[in-house]
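Below is one structure; the comments refer to it alone.
All of the numbers you see were taken from the coordinates with simple rules; none came from a lab. From a predicted model like this one, the values you see are computed outputs, not experimental measurements. Virtual Cβ from ideal backbone geometry, glycine too; neighbours counted across all protein chains shown.
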Amino acid sequence: MPDTALSPTNSHPFSPTELRELTAKIKQWGIELGFAQIGICDTDLTSEELKLQQWLDKGYHGDMAYMEARGMMRARPHELHPGTIRVISARMNYLPPEAGFATNLKDPNLAYISRYAGGRDYHKLIRSRLKKLGLMIQAELDTMNAGKTNFRPFVDSAPILERPLAEKAGLGWTGKHSLLLNEEVGSWFFLGELLIDLPLPVDIPVSEGCNTCVACIKSCPTNAIVEPYIVDGRRCISYLTIELQGAIPEEFRPLIGNRIYGCDDCQLVCPVNSKAPITLESDFHTRDPLKQPQLLTLFSWTEAEFLKITEGSPIRRIGHKRWLRNIAVALGNAPASEKIVQGLEQRKASEEADEMVIEHIDWALAQQHTKLAAVQNLETQSLETKGQETPALSQNVSSLSRKTQRVIRSVEKGLPRDA
Ligand code: B12
Ligand code: SF4
Ligand code: SF4
């Protein structure tokens, strides 16, 4: 390293000692602001460009037009925010207490909501903390009489490749599910970045730790992890229930089970998550109405109720119609029930159901009628066999897929605190 270094927009020469001390302070401030870890990397993502292009060429982004909107700028932070020479990458833990993963997945009459989404929307929270970090850096430069720095926080928004940046910055390795994970803490964290023009020393990436494990690939309900490290977004339940605007393709509906907003399965079976810490942010704790909620209760919310209860939460982004669409699918997957049929019919007759919602309700009604007929058949058989209840009847034709049953067993064994 030369004796002094200049940033592109700051003519102040920094000595290596000044930069090392400033970096140590930045990492400490990051922790004080609630981040679990801060790392620093340069802006060179050329090795990712071809992989990103192949992913887009295969159409894995589906309807997410924003993924191709800015071309390769996503892999070029210095083009997205001119002057940038370093990325300060930050991660914030979101695992809420009493996650109740298995209890929730086990009961198909309850709605499963991805555990990142039960509290406050992370975008605003993380962006504002990163901005504070930038202002703290500026205040320090002021005391050093070192001029102005040019910084910009990012969280998802103009989507730079956050995961490869965080990997370069030493925050973890890319798991076969394509998320970043870390030996000490697992993967239940969000990423955010501060793009900056200071020549800070960079961190060293950690080495990959998945080894021969393939649990996430085997457990994905929709086989969305098409190759190790590569997710076909169009198959992912997170995409189908959150990003997709229109109808959910029928082939995926039975596989979605009771997951009405996002999916956690590939992380639930990951052995590295056994050490995951609970978030320190009470804002990420699950709000009461969203804790293990009954599908029928959520389905009965009017649009006004939906907007009120989900205010400030990421769930609000999908709007009431897609909320109803997702719950209708889960109700179709739930065990046979006259009450569910009634709930579906009431909703179908309501003014809040548009054409798309009605199509999903009709699908769910067809599933329910088929299952009710099966239960009736079994009842008749049971009467004929002198009242002996058949096992299938007592379970009301179990609607949990084999994969989900495996995920539940894996959570109960591997993540007992969060089960
Ligand atoms: C689009 C998107 C999605 C899409 C597509 C997912 C995907 N894997 O691409 C959908 C809607 C499906 C999705 C789902 C989820 N997402 Co998302 N998503 C994003 C977003 C906005 C962009 C990701 C992206 O660039 N994808 C494009 C592809 C090309 O990138 P990639 O998957 O990293 O692909 C690389 C690999 O394929 C790799 N590669 C290719 N071949 C090989 C070979 C080897 C050996 C290796 C190592 C790598 C490799 O190179 C590619 C290019 O870099 C990021 C935020 C951001 N701005 O980065 C959040 C982000 C990745 N998502 C996040 C989360 C939390 C989720 C969910 C867990 C949410 C949920 N519970 O429902 C799921 C998880 C699904 C999964 N297994 O990926 C977090 C992940 C945090 C973490 N710990 O890593 C992020 C970073 C958001 C954030 N700010 O915190 N997401
Ligand atoms: S979030 Fe769910 S659907 Fe998406 S890749 Fe992971 S396990 Fe598969
Ligand atoms: S489940 Fe296994 S393969 Fe998948 S990310 Fe975790 S350690 Fe890696």
Residue under question is Glu49, and the condition is that it be surrounded by fewer than 17 Cβ atoms within 10 Å (Cβ to Cβ) and outside any loop (DSSP other than H, G, I, E, B); does it hold? yes
Restricting the stretch 243-263 to residues that are of a type outside the set (A, V, I, L, M, F, W, C) and either in a helix (DSSP H, G or I) or out of contact with any strand residue (DSSP E or B) (no Cβ under 8 Å at 6 or more places or on another chain) (or both), the one nearest to ligand 2 (Cβ to nearest atom) turns out to be Glu243
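Per-residue answers, yes or no, for (1) under 26 Å from Asn104 (Cα atoms); (2) surrounded by 20 or more Cβ atoms within 10 Å (Cβ to Cβ):
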| site | (1), (2) |
| --- | --- |
| Ile196 | no, yes |
| Asn211 | no, no |
| Thr241 | yes, yes |
| Arg253 | yes, yes |
Arg115: passes all of (1) basic (Lys, Arg); (2) more than 19 Å from Ile160 (Cβ to Cβ); (3) surrounded by fewer than 21 Cβ atoms within 10 Å (Cβ to Cβ) but (3)
Flagged pairs (Cβ under 7 angstrom, 6 or more apart or on separate chains; first in the stretch 249-271, more than 15 Å from ligand 1 (Cβ to nearest atom); second assigned to a loop (DSSP other than H, G, I, E, B)) are Pro271/Cys213
The lone condition Tyr261 fails out of (1) over 30 Å from Glu32 (Cβ atoms); (2) more than 16 Å from ligand 3 (Cβ to nearest atom); (3) surrounded by fewer than 24 Cβ atoms within 10 Å (Cβ to Cβ) is (3)
Can you tell me which of Lys132, Lys148 is more than 16 Å from ligand 2 (Cβ to nearest atom) and not in a helix (DSSP H, G or I)? Lys148
The condition from (1) closer than 15 Å to Arg325 by Cβ; (2) surrounded by fewer than 24 Cβ atoms within 10 Å (Cβ to Cβ) that Ile237 misses is numbered (2)
Filter the stretch 217-234 down to the residues that are among the polar types (S, T, N, Q) and part of a loop (DSSP other than H, G, I, E, B), then identify the one that is farthest from Trp323 (Cα to Cα). Asn223
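Quick one: would you say Ser178 is free of Cβ contacts under 8 Å to residues at least 60 places away in the same chain, outside any helix (DSSP H, G or I), within 16 Å of ligand 3 (Cβ to nearest atom) and farther than 30 Å from Ser401 by Cβ?
So Ser178 fails the test.
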Answer yes or no as to whether Phe299 is under 30 Å from Cys41 (Cβ atoms), among the aromatic types (Phe, Trp, Tyr) and more than 16 Å from ligand 2 (Cβ to nearest atom). no
Determine whether Ile318 is within 30 Å of Asn377 (Cα to Cα) and either among the β-branched types (Val, Ile, Thr) or part of a loop (DSSP other than H, G, I, E, B) (or both). no
Is it fair to say Val206 is in a helix (DSSP H, G or I), more than 9 Å from ligand 1 (Cβ to nearest atom) and of a type in the set (Val, Ile, Thr)? no
For the stretch 8-28, name all the residues that are in contact with a helix residue (DSSP H, G or I) (Cβ under 9 Å, 6 or more places away or on another chain), part of a helix (DSSP H, G or I) and surrounded by fewer than 18 Cβ atoms within 10 Å (Cβ to Cβ). Lys25
